[in-house]
1. Quick one: dipole size for the chain, taken about the Cα centre, charges +1 on Lys/Arg Cβ and -1 on Asp/Glu Cβ, in debye to the nearest 20.
2. Select one label from [x] 1.03; [y] 1.23; [z] 1.05: the one whose number is Rg/Rh (Cα atoms, Kirkwood Rh) as derived from the coordinates shown.
3. Could you name the aspartates and glutamates in cross-link range of residue 33, using Cα to Cα under 14 Å and dropping any fewer than eight places away on the same chain?
4. Report the calculated FRET efficiency for residue 60 and residue 24 (r = Cβ-Cβ distance, R0 = 22 Å), to the nearest 0.05.
5. Please tell me the relative contact order of the chain in percent, rounded to the nearest whole number, where contacts are Cα pairs under 8 Å and at least six residues apart.
Amino acid sequence: MSTFIKKLYDQNGKETGAILSVVFGAPTNIQQKNIIENRLIQYAFDTLYPGEGLNIYRDMYIDTPSITVIRNINNLPDQKITI
C-alpha cells in the first residue's frame, strides 16, 4: 500500500501537520476506506507525532483514503470573519 505524506507548515516554517493519502490501485468501498484511514490515524499517533494531541480530519470521498493531521491547532494563527 503506497502512502504519500505531504507536510504542512505555518507562515514561520514550523511544521503544523500532514496530509496522508493512499494510492490503492482501485476504488475503495466505505469499509476499506475506514480500515485504511484507521491505519493512517494510528500511524500519525504512533510515528509522525507521538505523544501529541492531534486533530484528525478524513477525506469525504469514498474512493480516496486520506486524512489530514493538524498538531497544536490552538497555536495556529486565526482570523475571525462574518459571513
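1. Numbers: 8 positive and 8 negative charges, 10 e Å.
Using only the charged Cβ atoms, the result is roughly 40 debye.
2. Computed from these coordinates, Rg/Rh (Cα atoms, Kirkwood Rh) corresponds to label [x].
3. By straight Cα distance, residue 33 reaches 59, 63.
4. Working: r = 17 Å, r/R0 = 0.76.
In this case the efficiency is close to 0.85.
5. Working: 122 pairs, mean separation 25.3, N = 83.
Relative contact order here is 30 percent.
Read-outs: derived from the displayed coordinates by stated rules, not from any lab. This structure is a prediction, so every number in the text was calculated from the model and none was measured. For neighbour counting, all protein chains shown are included, and Cβ atoms are generated from backbone atoms with ideal geometry for every residue, glycine included.
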